[in-house]
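J.: Handing you a structure now.
Derivation of every value follows stated rules applied to the coordinates shown; laboratory data play no part. Treat the numbers as computed from the prediction; the structure is a model and nothing was measured. When we count neighbours, we look across all protein chains shown, and the Cβ atoms used for this are built from the backbone with ideal geometry, even at glycine.
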Amino acid sequence: MTEQEQGPPAPEPSEPAYRRFDCTDSDQRAEALVAAKGAVDAGECVVLPTDTVYGIGANSFSAAAVQRLLDSKGRGRDMPPPVLIADPAVMMALGRDIPEAAKKLAEQHWPGPLTIIVYAQSSLQMDLGETRGTIALRVPDHELARELLQTTGPLAVSSANRTGQPAATDADAAIEQLGDRVAVYLDGGATPGQMPSTIVDFTHSDYGAVVRHGRIDIAELRATVPYLDDRTEPDIEAG
């Protein structure tokens, strides 16, 4: 076959639109955090490791950015993402009427795999979806995640996966599912596994109720809050 008969050469594969940083490399870590902060400020999504699974994050104060996060996962506003914060004190600024039991659990288990749902401040300029006036908060026990949160402020963060698919426990799995929907990937190595955070809801009772079982066992939580109820909702996604 002649060169003319073979037809035009195959096009070169295009470069991905996202940027990936190996944050286990100290030389890349600082650059990675700057790039992630820039992406968040621009209303784009970032992927970051946590102490549970990898998360996809966006500026929690930007309705458009939160919608981009939801669209990236293929989920609706009926499943609003929780908000990751760098310091437990931020809960007092974002939430209202916070029971003493919630404060005790935060003091005992933050940073860690515990998500606490409280009523949001009425003046809070966040549109996370159909929250019914509540906000789910967590301080991750992951140095890189908290370092990013200290520069960006609170981030809306959900598990880094397409809805219905397994949560990513490494950057490769996150990229495979989310690809160019995310601007920056922070690769911090493998996370502990698929077990999500435990979620405790304080919007119906001052004693709280576990609505999703996770890495912290309810018996351990009851050591701090003895009357903690168990109203597990099995369909809540990992994160």
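J.: Condition first: among the basic types (Lys, Arg) and under 13 Å from residue 207 (Cα atoms). Now tell me which residues in segment 75-110 satisfy that. Steps first, please.
T.: Of all residues in segment 75-110, those among the basic types (Lys, Arg) come to 75, 77, 96, 103-104.
If the condition is that a residue be among the basic types (Lys, Arg) and under 13 Å from residue 207 (Cα atoms), then 103, 104 are the ones that fit.
J.: Being surrounded by fewer than 16 Cβ atoms within 10 Å (Cβ to Cβ), in a loop (DSSP other than H, G, I, E, B) and free of Cβ contacts under 8 Å to residues at least 60 places away in the same chain is true for just one of 232, 224. Which residue is that? Spell out how you get there, then give the answer.
T.: Numbers: 224 fails: free of Cβ contacts under 8 Å to residues at least 60 places away in the same chain.
Only one candidate qualifies: 232.
J.: Now for a separate question. Scan segment 30-57 for residues that are more than 21 Å from residue 189 (Cα to Cα) and either among the polar types (S, T, N, Q) or not in a helix (DSSP H, G or I) (or both) and jot them down.
T.: Selection gives 42, 43, 44.
J.: Among the numbered conditions (1) among the hydrophobic types (A, V, I, L, M, F, W, C); (2) touching a residue at least 60 places away in the same chain (Cβ under 8 Å); (3) crowded, with 19+ Cβ neighbours inside 10 Å, tell me where residue 195 comes up short.
T.: Looking at each condition in turn, residue 195 falls short on (3).
J.: Just one of the numbered conditions (1) more than 19 Å from residue 85 (Cβ to Cβ); (2) part of a helix (DSSP H, G or I) is not true of residue 162; which one?
T.: (2)
J.: Also: For segment 88-103, name all the residues that are exposed (fewer than 14 other Cβ atoms within 10 Å of the Cβ) and touching a residue at least 40 places away in the same chain (Cβ under 8 Å).
T.: 100
J.: Also, quick follow-up: Here are some residues: 196, 192, 166. Which one is under 30 Å from residue 97 (Cα atoms) and either touching a strand residue (DSSP E or B) at 6+ places or on another chain (Cβ under 8 Å) or not β-branched (Val, Ile, Thr) (or both)?
T.: 196
J.: Could you please find all residues in segment 15-50 being more than 19 Å from the chain's Cα centre (by Cα), without any contact (Cβ under 8 Å) to a residue 60 or more places away in the chain and exposed (fewer than 14 other Cβ atoms within 10 Å of the Cβ)?
T.: Residues satisfying the conditions are 15, 25, 26, 27, 30, 31.
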